[in-house]
Amino acid sequence: MSLPPDANRLQPDHLPTPFSASDIRAGCPVGRTITLRSEAHGEEAAFRRIRFVEVDADGAVQEFQPTDDEGRPNGPATRRRSTWLDLQRHASQSMSATEIDEADLVSPLGVESCWRYTVSTEEGSTVFWFAKDRAGMPIQVEEWVGREMVSRSVMIRDEVGVLPVDP
């Protein structure tokens, strides 16, 4: 099994993160646009788009936009700046509560070779699927309570290029 490099470990009692801050920087240029579908038990699916609108050596400004299922904006956009290290920290998980394995995930993006981080709690678990070839956020996140999946967020589009103009 090929695990993420030990150099990606941010704390001694945590596992290595899937990507380093520099990996995330390289994988998230201006114009990278990610669309997510979020599903929660008993609710209609919600969609949002994340765009990298400003990028520099230290971090990025991301624009978060709720959309409909066709990708049309349907609410106000917000912007937030994060450092590359902040984005890496989101994936840093305790060794005592987390297992990493490799798995292929069939997703709207195709079949992705992933590192799967399963973080256990007393109530259930959260499973993060990080596609090895898509530095940055997980392509799928599942929340489990006992044996029931109560929510899932899935990356349905991942595009790199010029910032698109909204209609």
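Among all stretches of the chain without exposed GluC sites (Glu not before Pro) (DSSP loop, at most 16 other Cβ atoms within 10 Å), which one is longest?
71-121
What number, rounded to the nearest 500 deg cm²/dmol, is the helix-based mean residue ellipticity at 222 nm of the chain, given -39500 (n - 2.57) per DSSP H run of at least four residues and division by all its residues?
Details: 2 runs with 13 residues, N = 167.
My calculation for the chain gives -2000 deg cm²/dmol from helical runs alone.
Computed 3J(HN,Hα) for the stretch 133-143, one whole-Hz value per residue from the Karplus formula 6.51 cos²θ - 1.76 cosθ + 1.60 where θ = phi - 60°, is 9, 10, 4, x, 5, x, 8, 8, 9, 10, 10, glycine and proline marked x. Taking only protein heavy atoms and a 1.4 Å probe, the accessible area of the chain is 50% carbon and sulfur.
If the segment from Leu3 to Ala57 were pulled out straight at 0.36 nm per residue, it would be longer than the present Cα-Cα gap by 16.8 nm.
Leaving out ligands and nucleic acids, and using a 1.4 Å probe, what accessible area per residue does the stretch 12-167 come to in Å²? Could the numbers behind the result be given before it?
Numbers: 8360 Å² over 156 residues.
For the stretch 12-167, the per-residue accessible area is 54 Å².
Averaging Cα coordinates gives a centre for the stretch 1-30 and one for the stretch 93-137; these two points are 13 Å apart.
In this rough spin-label picture, where each label sits 7 Å from Cα along the Cβ direction, the Val160-Ser120 distance is 3.6 nm.
For the set Arg134, Arg72, the ranking by accessible area, highest first and with no ligand, DNA or RNA atoms included, is Arg72, Arg134 under a 1.4 Å probe. Remark: spin-label model distance Ser96-Val145 equals 2.6 nm, labels positioned 7 Å along the Cα→Cβ axis. The phi-based Karplus calculation (6.51 cos²θ - 1.76 cosθ + 1.60; θ = phi - 60°) puts the 3J(HN,Hα) values of the stretch 97-104 at 10, 10, 10, 10, 9, 9, 7, 8 Hz, whole numbers, x for Gly and Pro.
In sequence order, the stretch 21-29 has phi-based couplings of 4, 5, 4, 5, 4, 5, x, 10, x Hz under the Karplus curve 6.51 cos²θ - 1.76 cosθ + 1.60, θ = phi - 60°, and Gly or Pro positions carry x. The figure for Ile100 is an accessible area of roughly 30 square angstrom, using a 1.4 Å probe on the protein chains alone. Using R0 = 22 Å, the C-beta based FRET efficiency linking Thr83 and Asp133 works out to 0.40.
The values are calculated or read from the model by the stated rules, or taken from the named source; none is laboratory data. Note that the structure is a prediction, hence the values are computed from the model and not measured. Counting neighbours? That spans all protein chains shown, and the Cβs are built from the backbone with ideal geometry, glycine included. These area figures cover heavy atoms from the full protein model, side chains too; ligands, DNA and RNA do not enter into them. Shrake-Rupley method; radii C 1.70, N 1.55, O 1.52, S 1.80 Å.
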